[in-house]
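The values are calculated or read from the model by the stated rules, or taken from the named source; none is laboratory data. This structure is a prediction, so every number in the text was calculated from the model and none was measured. Here the Cβ is made from the backbone with ideal geometry for all residues, glycine too, and neighbour counts use every protein chain on show.
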Amino acid sequence: MLTDTTAGDQRVRALSELGSGFLSLITHEIRTPLAAATSSVELMDMRGHAWTAEKRATVLARMAASLTRIDAILDDVGIAERVASGRIEIEPERLLVSQVVRDSGLAVDPAHDEKPVLLRRELIERTVSNVLSYLTPETPNPPRAVVAGSHPSQILVTIDLGSAGAAARLCTPESRSSSLQLRLAELFAALDGGSLTVERGEEATVVATINLGEIDGG
Amino acid sequence: MVDETSTILVVEDDPSLRESISEILAEYYEILSAEDGKAALDIIEQTLPDLILSDIGMPRLSGFDMLETVRGRRETASLPVIMLSARGDRESVRHCMELGADDYIPKPFKAEEVLRAVRSRLSRQDVLRRPIDELQETLSLSLPHEFRTPLNGVLGFAGLIEDLAAAPEPIDKAELAEFAGQINASGTRLLRLVEKFTFHARVLTKAYSEQGTSPKDPVSAKGWTSAAVEQARSIASRVDRGEDLSVSFVSADVAIDTGFLAHVVGELLENALAYSDPGSLVMVTGEVVDGHYHIVVADSGRGMSKEQVANIGPYVQFDRKIHEQQGLGLGLATVCQIVRLYHGDMNIESMPNAGTTVRVSFPLAREERR
């Protein structure tokens, strides 16, 4: 059980992580959907008068998708900031990691002796979301994952991307530092004194290693 | 080529943005699109685009890795590449340029920015390719024909000598000497053609490789003038027109390689002698005017019309059916290229049947100008 002091220390650490380079990360994430939205607006302005209703609807849908994406990014950041500052609490739950991974859309082979662990669902969901942003035509549909506990306070989630290139790309320092989802997942891991690393596995796989911290030591 | 048939490859993993960019460009160009660097390279294997517009952060293969691959292959090394990125920091821009990108557009951007960047890159590519296209035209159009004639002469008369040797009659020395002389003449003509072509290619290659770079500082030092006089006399003697030549050069340091300067004088004089009648005067002078060295070659030969002057090119010979002239028509075209290369000037005054005056000028060397 966390004491207030421990929780406070961890939050300070998490906030520090949050602040470090976060603003540039957010602006980086937003630029692409913003470019898509503004380009669609310009196209409509330049050529919309000659379009059919169907064409206009397609471009509007494209614009809406981009704005929804921006909205989601800002939402994510807002939640993360509020959690880190203690204004809201996302309670950890006792979860089967393989079930959370399955709920995120992957086909999972769980460890035969998997036990529920106490952690925040957000940590797993955002880790998977980061990995799935590197889907390629070679990725199996649905993507396959294996969940294993290497020791009582550590869980390994191995995801097959189907492309060694995509796996390598995902694990470059640049990709890691520019992924909002991964940074948020790391935040949730840090809140509990744990950690998250995502590294290249064998062939076309990546391995997310979750160290559970002090919430659940075994 | 900068026209509606130029093909642009758009590489962007965000489908909405990829569609928007493609639509912006589709009004003016053919568009291919790819969702990441790997897909882009697969497309390039099948169809070589005229320009690539690429995001940087993408799954499977990033824009940076794709750019490195494109620059590492001979067939795509000079393909224009414009990078799009959510990173506007100086380090990212510098990294793009170090990898060989031609331009960088930060997101978000206006449609006009993208269009302008694409247009500008395609225009530049067109200009850069011109010396190479000219060389290719020379190779494919005029070279085979021009080489074939003297080569046929060599082979033909060599064949006749073989026949002479195989015949039972004793060899007629006079006939043998005549055939050998013809082989010699054809071989000499062939050698001259090879030299002309090689020099033309050298000038074009130098022009292509030095585009966009700072000009070097070549100098033809004062001593070049006596060599130039000797050269001019030798050229005139070769065609028995030594008596028709008047040559004088004022001594000065000129900002051009000595070899190229000698070539300019040689080509202009050869043309003047070739297109004028024996017994008519050909004047070659060199003088300093307003910080420049002017070389003037004047003849009173058959001259050229305005259209002919305008159409001077490496494979064009005027009125070939009426006035058969051997050669590739490279002489004046090479001189034009050299003038361009050394920031000089060229002026041709000519009228049909009234002779031609060609004036080329080059800047004096820096020390000379002081």
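Working carefully through the options A:Asp192, A:Asp216, A:Asp160, find the one that is touching a strand residue (DSSP E or B) at 6+ places or on another chain (Cβ under 6 Å), over 20 Å from B:Asp65 (Cα atoms), at pLDDT below 85 and acidic (Asp, Glu).
Only one candidate passes the filter, namely A:Asp216.
If I ask for residues that are of a type in the set (Val, Ile, Thr) and modelled with pLDDT under 90, which ones from segment A:49-85 would you list?
Selection gives A:Ile73, A:Val77, A:Ile79, A:Val83.
Could you check segment A:136-148 and list, in sequence order, the residues that are farther than 16 Å from A:Gly201 by Cα and either within 14 Å of another protein chain (Cβ to nearest Cβ) or buried (at least 23 other Cβ atoms within 10 Å of the Cβ) (or both)? Steps first, answer last, please.
Taking segment A:136-148 first, the residues farther than 16 Å from A:Gly201 by Cα are A:136-138, A:140-142.
Once the filter is applied, which keeps residues that are farther than 16 Å from A:Gly201 by Cα and either within 14 Å of another protein chain (Cβ to nearest Cβ) or buried (at least 23 other Cβ atoms within 10 Å of the Cβ) (or both), segment A:136-148 yields A:Thr136, A:Pro137, A:Glu138.
Give, as residue ranges, the helices (runs of 4 or more DSSP H) completely inside segment B:2-100 that count at least 1 residues that are hydroxyl-bearing (Ser, Thr, Tyr) and more than 29 Å from the chain's Cα centre (by Cα).
B:15-26, B:90-99
Scan segment B:55-82 residue by residue and report those that are within 16 Å of B:His95 (Cα to Cα) and within 13 Å of chain A (Cβ to nearest Cβ).
B:Asp55, B:Ile56, B:Gly57, B:Ser62, B:Gly63, B:Phe64, B:Asp65, B:Met66, B:Thr69
Answer yes if at least one residue in segment A:34-55 is under 23 Å from A:Leu187 (Cα atoms), buried (at least 19 other Cβ atoms within 10 Å of the Cβ) and touching a Leu at 6+ places or on another chain (Cβ under 6 Å), and no otherwise.
Filtering segment A:34-55 for residues under 23 Å from A:Leu187 (Cα atoms) gives none.
Checking segment A:34-55: not a single residue is under 23 Å from A:Leu187 (Cα atoms), buried (at least 19 other Cβ atoms within 10 Å of the Cβ) and touching a Leu at 6+ places or on another chain (Cβ under 6 Å).
Do we find that B:Leu41 is among the aliphatic types (A, V, I, L, M) and touching a residue at least 40 places away in the same chain (Cβ under 8 Å) in this structure?
On the way: among the aliphatic types (A, V, I, L, M): yes; touching a residue at least 40 places away in the same chain (Cβ under 8 Å): no.
No: the conditions fail for B:Leu41.
Kindly indicate whether any position in segment B:102-117 is modelled with pLDDT of 95 or more, of a type in the set (Ser, Thr, Tyr), part of a strand (DSSP E or B) and farther than 17 Å from A:Thr172 by Cβ.
Within segment B:102-117, none of the residues are modelled with pLDDT of 95 or more, of a type in the set (Ser, Thr, Tyr), part of a strand (DSSP E or B) and farther than 17 Å from A:Thr172 by Cβ.
For segment A:117-131, how many residues meet the condition of being in contact with a strand residue (DSSP E or B) (Cβ under 8 Å, 6 or more places away or on another chain), over 18 Å from A:Gly213 (Cα atoms) and not β-branched (Val, Ile, Thr)?
So the count comes out to 1.
Kindly provide the set of residues from segment A:58-82 that are aliphatic (A, V, I, L, M) and within 14 Å of chain B (Cβ to nearest Cβ), ordered by number.
A:Val59, A:Leu60, A:Ala61, A:Met63, A:Ala64, A:Ala65, A:Leu67, A:Ile70, A:Ala72, A:Ile73, listed by residue number.
For segment A:81-100, give me each residue that is in contact (Cβ under 8 Å) with a residue 24 or more places away in the chain and in contact with an Asp or Glu (Cβ under 9 Å, 6 or more places away or on another chain).
The answer is A:Val83, A:Ala84, A:Ile90, A:Pro92, A:Arg94, A:Val97, A:Ser98, A:Val100.
Please enumerate the residues belonging to segment B:267-284 that are crowded, with 18+ Cβ neighbours inside 10 Å and in contact with a helix residue (DSSP H, G or I) (Cβ under 7 Å, 6 or more places away or on another chain).
Matches in segment B:267-284: B:Glu267, B:Leu268, B:Leu269, B:Glu270, B:Asn271, B:Leu273, B:Val282, B:Val284.
Any idea which of A:Thr205, A:Thr172 is more than 12 Å from the chain's Cα centre (by Cα), more than 21 Å from A:Val97 (Cα to Cα) and hydroxyl-bearing (Ser, Thr, Tyr)? Can you show your working first?
Numbers: A:Thr205 fails: more than 21 Å from A:Val97 (Cα to Cα).
Unique residue meeting the criteria: A:Thr172.
When segment B:164-176 is examined, which residues are found to be hydrophobic (A, V, I, L, M, F, W, C), assigned to a helix (DSSP H, G or I) and surrounded by 10 or more Cβ atoms within 10 Å (Cβ to Cβ)?
B:Leu164, B:Leu176
Okay, residues lined up against (1) under 19 Å from A:Gln181 (Cα atoms); (2) surrounded by 16 or more Cβ atoms within 10 Å (Cβ to Cβ):
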{"site": "A:Asp71", "(1), (2)": "yes, no"}
{"site": "A:Asp103", "(1), (2)": "yes, no"}
{"site": "A:Leu106", "(1), (2)": "yes, yes"}
{"site": "A:Asp109", "(1), (2)": "no, no"}
{"site": "A:Asp113", "(1), (2)": "no, no"}
{"site": "A:Val117", "(1), (2)": "no, yes"}
{"site": "A:Asn130", "(1), (2)": "yes, yes"}
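Hey, does segment B:23-42 have a residue that's in contact with a Lys or Arg (Cβ under 6 Å, 6 or more places away or on another chain) and more than 13 Å from chain A (Cβ to nearest Cβ)?
yes
In this structure, does B:Ser92 turn out to be within 29 Å of A:Ser24 (Cα to Cα), touching a helix residue (DSSP H, G or I) at 6+ places or on another chain (Cβ under 8 Å) and among the polar types (S, T, N, Q)?
The answer is no for B:Ser92.
For B:Ile8, work out the one condition from (1) touching a residue at least 40 places away in the same chain (Cβ under 8 Å); (2) within 13 Å of another protein chain (Cβ to nearest Cβ) it doesn't fulfil.
Of (1) touching a residue at least 40 places away in the same chain (Cβ under 8 Å); (2) within 13 Å of another protein chain (Cβ to nearest Cβ), only one is false for B:Ile8: (2).
Only one of these is in a helix (DSSP H, G or I), modelled with pLDDT under 80 and either within 18 Å of B:Asn347 (Cβ to Cβ) or under 18 Å from the mean Cα position of the chain (by Cα) (or both): B:Thr205, B:Thr213. Name it. Please lay out each step first, then the result.
Numbers: B:Thr213 fails: in a helix (DSSP H, G or I).
Residue meeting the stated conditions: B:Thr205.
Just the residues that are at the interface with another protein chain (Cβ under 10 Å from one of its Cβ atoms) and among the β-branched types (Val, Ile, Thr), please, taken from segment B:83-110.
Passing the criteria: only B:Ile105.
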